[in-house]
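Reviewing the structure listed below.
Since every read-out is calculated from the coordinates, none of them should be taken as a lab result. This one's a predicted model, so the numbers in the text were calculated from it and none came from an experiment. Here the Cβ positions follow ideal geometry from the backbone for every residue, glycine too, while neighbour counts run over all protein chains shown.
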Amino acid sequence: MTKLNELAPREGSTKGRMRVGRGPGSGKGKTAGRGVKGQKARSGVAVHGFEGGQMPLHMRMPKRGFNSRNRLDFAEVNLWRLEQAIAAGKLDAKKAIDAEALLAAGVIRRAKDGVKLLGKGELKSKLDITVYSATASAKEAVEKAGGKLTVTKKEDAPAPEAQA
């Protein structure tokens, strides 16, 4: 039986750490595999994207638009996906449908900041659905099928008129 103090890795399975800068006999003496002099031979160097003073590629490319750090990320659901889940028996059209019901049915993976209903596809079932927001075509399709759509998004209040 082996004792804990006698445990060792198998012969040849591990390799010793490379000790650089320990003389010419080591094979990694003098410049220690870093080439010759210059910025990259020194420690603490970070030249990612640096092109020798030429304007770097990431700065040469045109920039467009703006991405807000506070934007909301929605779980988007199309009408055809709802209809598919109802046909498969995963969603009950007679019960109220909200983010939790869609999550339980496997229609969406996670609720994120809310569910957005999109109008792609055809809706045959009469639904009572609650979502954060919905497109105009989705609202029209739900109402056309005889259903009820509740949108929880707070509409932006109009800006107060300037006082004269």
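Mind giving me the FRET efficiency for Asp113 and Phe66? R0 is 25 Å, r the Cβ-Cβ distance, nearest 0.05 is fine.
My answer for the efficiency is 0.85.
Could you tell me what % of all Cα pairs in the stretch 75-151 have separations over 21 Å?
Counting every Cα pair in the stretch 75-151, those more than 21 Å apart make up 10 percent.
How many percent of the alpha carbon pairs in the chain exceed a separation of 20 Å?
Tail of the P(r) past 20 Å holds 72 percent of the pairs.
Of the DSSP beta bridges with both residues in the chain, give the percent that are antiparallel, rounding to the nearest 5.
Close to 15 percent.
Over the Cα atoms of the stretch 23-62, what radius of gyration and what Dmax do you get, in Å?
Both quantities, over Cα of the stretch 23-62: 15.4, 52 Å.
When the Karplus curve 6.51 cos²θ - 1.76 cosθ + 1.60 is applied with θ = phi - 60°, which whole-Hz ³J(HN,Hα) does each residue of the stretch 136-150 get, with x for Gly and Pro?
Karplus-based 3J(HN,Hα) across the stretch 136-150 equals 4, 5, 5, 4, 4, 5, 5, 5, 5, 7, x, x, 10, 10, 10 Hz.
Once both labels are modelled 7 Å past Cα along the beta-carbon direction, what's the Glu76-Lys153 spacing in nm?
The modelled label-to-label distance comes out at 1.2 nm.
Mind checking the full-extension length gain between Lys124 and Lys90? Use 0.36 nm per residue of separation minus the Cα-Cα distance, one decimal, nm.
Going from the current span to full extension adds 10.7 nm.
Amide H of Asn78 versus every other amide H placed in the peptide plane: which residues, excluding those fewer than 5 positions away on the same chain, fall under 5 Å?
HN-HN under 5 Å from Asn78: Leu118.
What are the ³J(HN,Hα) values, in whole Hz, obtained from phi via the Karplus relation 6.51 cos²θ - 1.76 cosθ + 1.60 with θ = phi - 60°, for each residue of the stretch 99-110 in sequence order, with x given for Gly and Pro?
4, 5, 5, 5, 5, 5, 7, x, 6, 10, 7, 8
Karplus couplings for the stretch 63-79 from phi (6.51 cos²θ - 1.76 cosθ + 1.60, θ = phi - 60°), rounded to Hz, Gly and Pro as x?
Rounded to whole hertz, the list is 9, 9, x, 8, 10, 6, 6, 9, 5, 8, 10, 9, 8, 9, 10, 8, 4.
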